[in-house]
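The values are calculated or read from the model by the stated rules, or taken from the named source; none is laboratory data. Note that the coordinates shown come from a computational prediction; the quantities given were computed from them, not determined experimentally. Note that we place each Cβ from the backbone using ideal geometry, even for glycine, and neighbour counts take in every protein chain shown. Protein only, heavy atoms only, side chains kept; ligands, DNA and RNA dropped before computing areas. Shrake-Rupley method; radii C 1.70, N 1.55, O 1.52, S 1.80 Å.
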Amino acid sequence: MATAQDEVMVTRGPHVAHGPDNRYGYRSFEIGGFRFERDEYFAHITCPKGSYVMSVDAFLRALMRDVAWGFFYGWVNFDEVFGTCNHYGSVEMYVGTYNGAYRKAGTDYREYFLSQPLFACFKAMLDDWVNEGYDPFAAPLETGSPYGSKHGSNPGAVNFQREVATRIVGLPGDAPLRTDAGGRRINRAFTDVAQDEPQVHAEPGFEGRLGGFNLFRYLSRSPVTWNPSICAVIRNSAYCPTTEEFILPVEHGNDRVEWFVQLSDEIEWTVKDKATAEPRARVIMKAGDVAAMPADIRHQGYSPRRSMLLVWENMTPGLEKRYASGELPPYPVEF
Ligand code: PHB
Ligand code: FE
């Protein structure tokens, strides 16, 4: 598998926006050897080895996650060919580098960028290419169309911030509980989810320090899909619950083992080789199922109706190097 050590080529230049607009009203973006253009239906990517095309809805949904998650852990594959890999400070952007057929044909291409200029380029692209009425975080049935010539923008959607709890949700000083009045209505798929909160009776001296909240109620009011919130952190363990509908917009190639707990309904996962995208497994998770996604695969979830998923991440610094070097096996348990 290719690693960051294979070549070190960091492009420092800021992104260049060519403008004002193409015939559809969109700006184009250039960074390093890459150029991005959009038309009514597609995102076009050009690099020194050739060109690539994606449906613009799939591209924008993936771009939204890559930006919101700050390039995330490891590989954010927009599909089987194009994506980014986070090296924490720098980011690798590629066409075909982690695709066996592209590698074999020699049509793969990648460059390394400092995170900040690539982030600025991606964010500017998102701002310009998302039209009024379209929210890349929303389920397709709950938002407008991404297609067509440029019409307006949607800053409320593209600047959506993932909720990060610093204490326990609902305790003074932390994220408020979601309410109708706060604009967080119960999703149409979760009208049967109980909305009562637990009673907390703190011993004297522990008032304001002991809390509890109804996680199912909280998730039933999530306005976005495939966007984990961090609801509990204990040392390097992060509990990241999320609600899912339609397709995880990225094929995530994790650089560490990641656990999934299916809290409700059902998600089908396709699991592919991280380096080549060859199919490895299909995993059907029903409510109550727990799975560990190994560190040497990429995974993508399909949720036929809105479901609740707990993603459990190990944030131990340097873990990615211990998996990459083979010090740790790619799976958590030896049977
Ligand atoms: C993942 O890549 O593991 C992932 C990302 C976002 C989600 C769920 C899972 O909502
Ligand atoms: Fe993942």
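Can you confirm whether region 127-137 contains a residue that is open to solvent by 10 Å² or more (accessible area, probe 1.4 Å), of a type in the set (A, V, I, L, M, F, W, C) and out of contact with any strand residue (DSSP E or B) (no Cβ under 6 Å at 6 or more places or on another chain)? No, there is no match, as no residue in region 127-137 is open to solvent by 10 Å² or more (accessible area, probe 1.4 Å), of a type in the set (A, V, I, L, M, F, W, C) and out of contact with any strand residue (DSSP E or B) (no Cβ under 6 Å at 6 or more places or on another chain).
Summed over region 111-157, the residues that are without any contact (Cβ under 8 Å) to a residue 40 or more places away in the chain and under 30 Å from T97 (Cβ atoms) give a count of 2. The condition (being more than 26 Å from M315 (Cα to Cα) and in contact with an Asp or Glu (Cβ under 7 Å, 6 or more places away or on another chain)) is satisfied by just one residue among Y52, Y26, Y73, Y41: Y26.
Given the criterion open to solvent by less than 10 Å² (accessible area, probe 1.4 Å) and either closer than 18 Å to D273 by Cβ or without any contact (Cβ under 8 Å) to a residue 60 or more places away in the chain (or both), identify the matching residue among G106, G100, G74, G70. Only one candidate passes the filter, namely G74. R282 meets the conditions (1) outside any strand (DSSP E or B); (2) surrounded by fewer than 21 Cβ atoms within 10 Å (Cβ to Cβ) in every case but one. The failed one is (1).
Taken over region 287-319, the criterion of being in a strand (DSSP E or B) and open to solvent by 30 Å² or more (accessible area, probe 1.4 Å) is satisfied by V290, A292, Y302, P304, R305, W312, N314.
Would you mention how many residues in region 77-97 are hydroxyl-bearing (S, T, Y) and buried (at least 23 other Cβ atoms within 10 Å of the Cβ)?
Of the residues in region 77-97, 2 are hydroxyl-bearing (S, T, Y) and buried (at least 23 other Cβ atoms within 10 Å of the Cβ).
Cβ-Cβ contacts under 6 Å between residues 6 or more apart (or on different chains), taken from a first residue in region 233-260 that is on the phi > 0 side of the Ramachandran plot to a second residue that is more than 9 Å from ligand 1 (Cβ to nearest atom), are listed as F246/A139; F246/P140. Number of residues in region 218-245 that are away from ligand 1 (no atom under 11 Å from the Cβ) and either part of a strand (DSSP E or B) or closer than 15 Å to R184 by Cβ (or both): the value is 13. No other residue among D265, D192 is within 16 Å of ligand 1 (Cβ to nearest atom) and open to solvent by 40 Å² or more (accessible area, probe 1.4 Å) apart from D265. Inspection of region 167-178 finds no residue satisfying the criterion of being within 16 Å of ligand 1 (Cβ to nearest atom), assigned by TED's automatic domain parsing to the domain that holds P317 and touching a strand residue (DSSP E or B) at 6+ places or on another chain (Cβ under 8 Å).
Look at Y52 and say whether it is assigned to a strand (DSSP E or B) and in the same structural domain as F137 (by TED's automatic domain parsing). It is true that Y52 is assigned to a strand (DSSP E or B) and in the same structural domain as F137 (by TED's automatic domain parsing). Among the numbered conditions (1) open to solvent by 30 Å² or more (accessible area, probe 1.4 Å); (2) over 19 Å from I247 (Cα atoms); (3) more than 11 Å from the chain's Cα centre (by Cα), the only one that S55 does not meet is (2). Cβ-Cβ distances below 6 Å connect the following pairs, each with a first residue in region 282-299 that is within 12 Å of ligand 1 (Cβ to nearest atom), a second residue that is basic (K, R) and open to solvent by 20 Å² or more (accessible area, probe 1.4 Å), and a separation of six or more residues or different chains: I297/R280; R298/K272. Scanning region 149-165 for residues that are hydrophobic (A, V, I, L, M, F, W, C) and open to solvent by less than 70 Å² (accessible area, probe 1.4 Å) gives A157, V158, F160, A165.
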